[in-house]
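Here is the structure we will look at.
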Amino acid sequence: MNYKKISIQDLLVEVGRNCNMRCDHCLRGEPENLEIDFKDVKTLLDQVEFIGAITFTGGEPFLYPQKIIQVIDYIMEQEISCGGFYISTNGSVFNMALMEKLCEFYLYIDPDEDFQCRIDVSRDLFHQEQTPKPKKLFSLFTFAGVRGETTNPDYMILEGRAAENGIGGKGRALDYSMEFSLDSDCVEMVYLNALGQVLPDCDYSYDSQRNMEPMSIREHSLEEIVLTYHHEEEVLDIAV
């Protein structure tokens with residue numbers, strides 16, 4: 001199928017919903033035994049000509065190394081321009097094959113784009129105790145680093161377990177309207193969840209995502225999804 005190509009400033013791929021921790025501040029909620037179908041990622045990427053930065057999220061992303069490797073390989077095989085990558089991990093799981101692939105991806109990344117390549121290894125006050133060995137291995141790579149000693153609970157997103165546990169309250173309010181932010185020919189953010197659904201933001205719990213009933217990339221083109229929910233005062237020009 002021929003698609004009109006779209007540029008995405010920030011593409012986030014929810015590779016899976018399982019996690020090896022049960023942190024009180026988790027905005028996702030309870031872990032789920034669900035991982036993304038690569039066909040859904042492929043379908044979306046076939047409609048993309050440029051990615052400012054791609055984020056692999058979850059769940060705990062490092063529980064799904066082969067999924068991430070698959071996505072990276074496809075981006076490079078299809079020669080999709082990409083300016084950076086990002087992963088946030090709880091730091092308790094390490095996979096050398098994935099790190100080697102990220103090094104390869106790092107060399108592929110367009111050096112002219114003003115984005116970063118980074119793995120944030122979390123060490124905030126809400127996370128459970130972790131063994132030091134995985135974090136020591138992460139430190140071998142210049143694009144991986146520890147993200148802060150603490151996190152201010154006032155700015156936690158009131159979703160998932162954080163909402164259930166009353167952690168937070170001053171963080172930014174979420175918009176559940178499904179509106180995609182557009183700037184000429186570029187979509188600001190696209191979030192592809194593990195169900196193959198497309199959302200305009202990444203900070204929703206699994207329950208909120210279900211309640212929002214987002215459109216599926218299996219049933220609709222990316223163009224159709226974005227244009228269905230775009231801001232009325234903005235125009236998306238995605239003609240090839």
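The values are calculated or read from the model by the stated rules, or taken from the named source; none is laboratory data. From a predicted model like this one, the values you see are computed outputs, not experimental measurements. In this analysis, Cβ positions are derived from the backbone assuming ideal geometry, glycine residues included, and neighbour counts consider all displayed protein chains. In case anyone asks, the SASA skips ligands and DNA or RNA and just uses the protein heavy atoms, side chains included. Shrake-Rupley method; radii C 1.70, N 1.55, O 1.52, S 1.80 Å.
General observations
- Among residues of segment 39-53, those that are exposed (fewer than 15 other Cβ atoms within 10 Å of the Cβ) and under 15 Å from the mean Cα position of the chain (by Cα), counted: 0
- Set Ala53, Ala97: member being small (Gly, Ala, Ser), closer than 18 Å to Asn193 by Cα and modelled with pLDDT of 95 or more: Ala53
- Thr89 being open to solvent by 10 Å² or more (accessible area, probe 1.4 Å) and under 14 Å from the mean Cα position of the chain (by Cα): no
- Taken over segment 186-225, the residue count meeting the criterion of being of a type in the set (Phe, Trp, Tyr) and surrounded by fewer than 21 Cβ atoms within 10 Å (Cβ to Cβ) is 0.
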